[in-house]
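The structure under discussion appears below in the form of C-alpha cells.
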Amino acid sequence: MGEYAYFAGCTMPVRNLNYDVSMRKVAQALDINLLDIPEFGCCGYPLGALDYHTMLLLSARNLCVAEEKGIREIVTGCTGCAGTLSKVNKALKENPQKRKKVNEELSKLGHEFRGRTRVRHFARMLYDDVGPQKIRAAVKKPLSGLNIAAHYGCHYLKPTEAFENPENPERPVTLDRLIEATGANALDYGAKLLCCGGDVLGIDETTALKMAREKFRRLKETPADAMVLICPFCAVMYDAGQKTIEVKLQEKFTLPVLYYPQLLGLALGIDDKALGLHLNRTRVKDLVEKIKKL
Amino acid sequence: MTKGSRQNGRMAEGDEDGGSRQNGRRGRQVGVPCCLAALLPCCPASKILIAYLGVPKPDGKMTDTEKLSVLRLEDLDPNFRQKIAAEPGGEMIRFCFQCGTCTASCPVRAVEDKFNPRRIIRMALLGMRAEVLTSSFVWLCSSCYACQERCPQGVKITGIMGAIRNIAVRDRLVPAMFAGQVASLKAHGRVYEVGELENEKRAKLGLPQINEMPDEVRRILEMTGAEELAKGNQTPEANQAAAPPPPQESIGGA
C-alpha cells in the first residue's frame, strides 16, 4: 500500500498512546507505511481562537515541511489536526493572495507553500485507499454480533468546505462502513452527530461534561456494546470523561469506548495489549474477552 | 378584521406593556419598538436618540431583566458588523436573517441556555460590541460547525465566533488558558511537553521517541506577537465564574 507522512499532533503522542500504538499496528498489518516526521509541530488549531493568522502560519509550516520532503500524503489520527491542516491547505491552494502573504512570512523560516500535499484523517485514508472490502478480506476474527456506535467527531466531517472530498455531514457513512468491515454491526442511532464538547472543556467544564453526558444518555436507549471513535479529544470526553461525569454530575455510565484502530486491530487478530487496550479508561476487558471467544 | 386593525390591535397590546413603563419615563428618552432598534445603528440621528426596549422605574433602579433589555444608542458601535466582516471567517455576517437554525442545531445551547448563536449574531449586528466582547458566551462555542453547515443563508457562524474571539483578544479580553498554551508552544513546539517521562512511556509500548523541535514554532509566535496577545489584561467573566480546569484537561478553542 501507500506511504504517508504521519502527523501525530500534540495530544495523541502524550495522552492517547493507545490510539497512537493501535494506529501503527493496524497500518503495519495492512501494509501501510507511516513515516514519522520529526519537524512536525502544532497544527495551529489551539491558537485559532486567539489569532487566526498565527493558526494559519503554524498550520502552513507543517504542510511545507511535508512538501519539502517530497511527501504527497499526510495522514493524522486527530480530527482537530485533520480539520485544521485540510482547511489551511485548501485555503492556501485556492486563495493566491492568502498564499502570497503566508509565503512572505514563511520565507523567513526558509519555507514556501506550494500546495503539493493532501491531508486526510487516518480513517478516511483507510476508507478511500484500502477500502472496506480489502479490510474485510484481511479480518481474521469477524466481530459478528457486536453492536458498535460510531462517533465521527465534528472536525472529521465539518466544515465541509475544508475538505477536498467531503462526505455528507448529516448522514456520514465512512466510519460505519469501516466498522461493518470488521464484521460488527454499526448502529444507526439518533445522537450519532452530537459534539463531544471537548472544545469547551478549557472554558467551562460543566457545560462540556453535560454535552458528553447527552450522548451517553441517548446511547443507553440503544443496544450498543461499545462506542468507537477516531479523535483524541473525543476520547478525553467519552473515555476519560465517563469517570469525570460520574464524579461531577453524579450520573454513572459504563459504556466501553475504543478507538477504531483498536477495534479493527482485534478483528485483524492483533493482541489486545499490543493495541494498548489496557490503557483505555473505560472498562473494555469484558468486551475483549467476549471478542476472544467469538 | 382588516390588516390595519390587526396591526393596531397588536400595537395596543404593546402599548399596555409600554404604557405602564412609560410612567417611569423621564427626560428625552424615547421608547422604540424592538424592530426599530435594529435600524438605529445606521440612523444618522442616533447620537441624540436613546432607545429603550425597557425603561427604568421611577426610582431609577432597573431590574436585571431591564438592564439586559436596555439598548443605549450611544453604547452601540455601528461599525462592529463591518469589523467582524473584515476578519477571516466573519465575512458573511450581514446575510443573517435570524431564522434560528443555528441555535436549534447547537449542542452547547442544548445544555446551556447562556449560549445562543442567533442572539450573539443579532447583538453583533445591532452593534452591541461591549456586551458581546465582554460576555462569557462567545467563548462557549464548541466549534462543531453544525450551525454553519445548516445555515440557509450560508453564514459561517463558527467563523463569526472565531472572528469575534480574535477581536476580543485584541481588546485584551483573553481566557486565561491561552497564556499557558502559547508558553508551552514556545518552549516545546507543541501543546504538551514530550520529556523523558513521556518518551519512557512511549518506549514501553514500542513507540518511537519524540525529540522536540520548537525553534520554528517559536519564531512564528514571535512574528505574530502571539505571546503578547495571549496575556490580555481583562479576563472575560467565563474565567471568573468557572474554576480553572486542570491544565492537562484543557484542549483549546477555535
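Please give the net charge around A:Leu249, taking every other residue with its beta carbon less than 9 angstrom from that of A:Leu249, where Lys and Arg add +1 and Asp and Glu add -1.
Its environment carries a net charge of +1.
Count, for each residue of B:213-223, the Cβ atoms from other chains sitting within 10 Å of its Cβ, then give me the mean as a whole number.
Per residue, the number of nearby Cβ atoms from other chains is 6 on average.
Add +1 for every Lys or Arg and -1 for every Asp or Glu among the other residues with Cβ under 13 Å from the Cβ of A:Gly9, and state the total. Walk me through the intermediate numbers first.
Numbers: positive: A:Arg15, B:Arg190; negative: A:Asp20, A:Asp36.
Surrounding charge for A:Gly9 is 0.
How high is the relative contact order of the range B:113-206? Use alpha-carbon pairs under 8 Å, at least six apart in sequence, and give a whole percent.
Here the relative contact order equals 18 percent.
Taking the Cα centre of the range B:67-139 as origin, sum charge times position over the Cβ atoms of Lys and Arg (+1) and Asp and Glu (-1), and report the length of that vector in debye to the nearest 20.
In total the dipole reaches around 160 debye.
Relative contact order of the range A:69-166: what whole-number percent is it, with Cα pairs under 8 angstrom and at least 6 residues apart?
Rounded, it is 46 percent for the range A:69-166.
Considering every residue in A:9-16, what mean count of other chain Cβ atoms within 10 Å of its Cβ is obtained?
Values: counts 3, 11, 6, 1, 11, 13, 4, 0.
Counting other chains' Cβ atoms within 10 Å and averaging over A:9-16 gives 6.
Please average, across the residues of A:29-39, the number of beta carbons from any other chain that are within 10 Å of each residue's own beta carbon, and give a whole number.
Per residue, the number of nearby Cβ atoms from other chains is 1 on average.
Classify the range A:151-196 as rounded, prolate or oblate from the Cα gyration tensor: take a ≥ b ≥ c as the square roots of its eigenvalues, call it rounded if a/c is under 1.5, otherwise prolate when a/b beats b/c and oblate if not. Spell out each step's value before the answer.
Values: a/c = 2.53, a/b = 1.51, b/c = 1.68.
Cα axes put the range A:151-196 in the oblate bin.
List the pairs from A:Lys25/A:Lys134; A:Lys134/B:Lys204; A:Lys292/B:Lys204 whose alpha-carbon separation is above 26 Å, in the order I gave them.
Working: A:Lys25/A:Lys134 17 Å; A:Lys134/B:Lys204 31 Å; A:Lys292/B:Lys204 24 Å.
From A:Lys25/A:Lys134; A:Lys134/B:Lys204; A:Lys292/B:Lys204, over 26 Å: A:Lys134/B:Lys204.
Which of the peptides A:68-79, A:143-154 is most tightly packed, and how do the rest follow, judged by the mean count of other Cβ atoms within 10 Å per residue?
A:143-154, A:68-79
Return the long-range amide H neighbours of A:Ala184 (sequence gap of 5 or more, or a different chain), with a cut-off of under 5 Å between placed amide H atoms.
Counting only residues 5 or more places away or on other chains, the set is A:Leu143.
Please say if the range B:123-164 is rounded, prolate or oblate, where rounded means a/c under 1.5 for a ≥ b ≥ c the square roots of the C-alpha gyration tensor eigenvalues, and otherwise the choice is prolate for a/b larger than b/c and oblate otherwise?
oblate
What percent does the relative contact order of the range A:172-237 come to when contacts are Cα pairs within less than 8 Å and at least six residues apart? Show your work: numbers first, answer last.
Working: 44 pairs, mean separation 19.9, N = 66.
Relative contact order for the range A:172-237 comes out at 30 percent.
Cβ under 13 Å from B:Ala230's Cβ, B:Ala230 left aside: what net charge do those residues give with Lys, Arg +1 and Asp, Glu -1?
Counting the neighbours of B:Ala230, the net charge comes to +1.
Can you list the HN-Hα couplings for the range A:219-224, worked out from phi with the Karplus curve (6.51, -1.76, 1.60; θ = phi - 60°), rounded to whole Hz and with x for Gly and Pro?
Working through the residues one at a time gives 6, 4, 7, 10, x, 4 Hz.
Taking H placed 1.01 Å from N in the peptide plane, check which residues at least 5 places from B:Met128 or on another chain put their amide H under 5 Å from its amide H.
Amide H to amide H, under 5 Å and 5 or more residues apart or across chains, B:Met128 pairs with B:Asp77.
Identify the trypsin sites (Lys or Arg not before Pro) of the range A:115-192 meeting these criteria: DSSP loop state and at most 10 other C-beta atoms within 10 Å of the C-beta.
A:Lys140
Only Lys, Arg, Asp and Glu count, each charged at its Cβ (+1, +1, -1, -1), so figure out the dipole size of the range A:40-109 about its Cα centre, rounded to 20 debye.
160
Got a sec to turn the phi values of the range B:211-223 into Karplus ³J(HN,Hα) couplings, 6.51 cos²θ - 1.76 cosθ + 1.60 with θ = phi - 60°, whole Hz, x for Gly and Pro?
With the stated coefficients, the range B:211-223 comes to 9, 5, 10, x, 3, 5, 4, 4, 5, 5, 4, 5, 4 Hz.
List the residues, sorted by chain then number, that are 5 or more residues from B:Arg172 or on another chain and whose placed amide H is less than 5 Å from its amide H.
Those lying under 5 Å, H to H, from B:Arg172: there are none.
Neighbour counts of other C-beta atoms within 10 Å: give me B:Val194, B:Val138 arranged from fewest to most.
Values: B:Val194 20, B:Val138 27.
The order, fewest Cβ neighbours first, is B:Val194, B:Val138.
Quick one: if you take sqrt(5λ) for each eigenvalue of the C-alpha gyration tensor of chain A, what semi-axes come out, biggest first, whole angstrom?
Details: eigenvalues 205, 101, 51 Å².
Sorted largest first and rounded, they come to 32, 22, 16 Å.
Return the sequence-ordered ³J(HN,Hα) values of the range A:123-131 in whole Hz as given by the Karplus equation 6.51 cos²θ - 1.76 cosθ + 1.60 applied to θ = phi - 60°, using x for Gly and Pro.
Values per residue, Gly and Pro as x: 5, 5, 5, 4, 5, 6, 8, 9, x Hz.
How would you classify the range A:97-209 from its alpha-carbon gyration tensor, with a ≥ b ≥ c the square roots of the eigenvalues: rounded for a/c under 1.5, else prolate if a/b is greater than b/c, otherwise oblate? Before the final figure, lay out each step's value.
On the way: a/c = 2.78, a/b = 1.50, b/c = 1.86.
Taking the square roots of the gyration eigenvalues as a ≥ b ≥ c, the range A:97-209 is oblate.
None of the figures in this text is laboratory data; all of them are computed from the coordinates on show. Just so it is clear, the model here is predicted, and its values are computed rather than measured. Cβ atoms come from the backbone with ideal geometry, glycine included; neighbour counts cover every protein chain shown.
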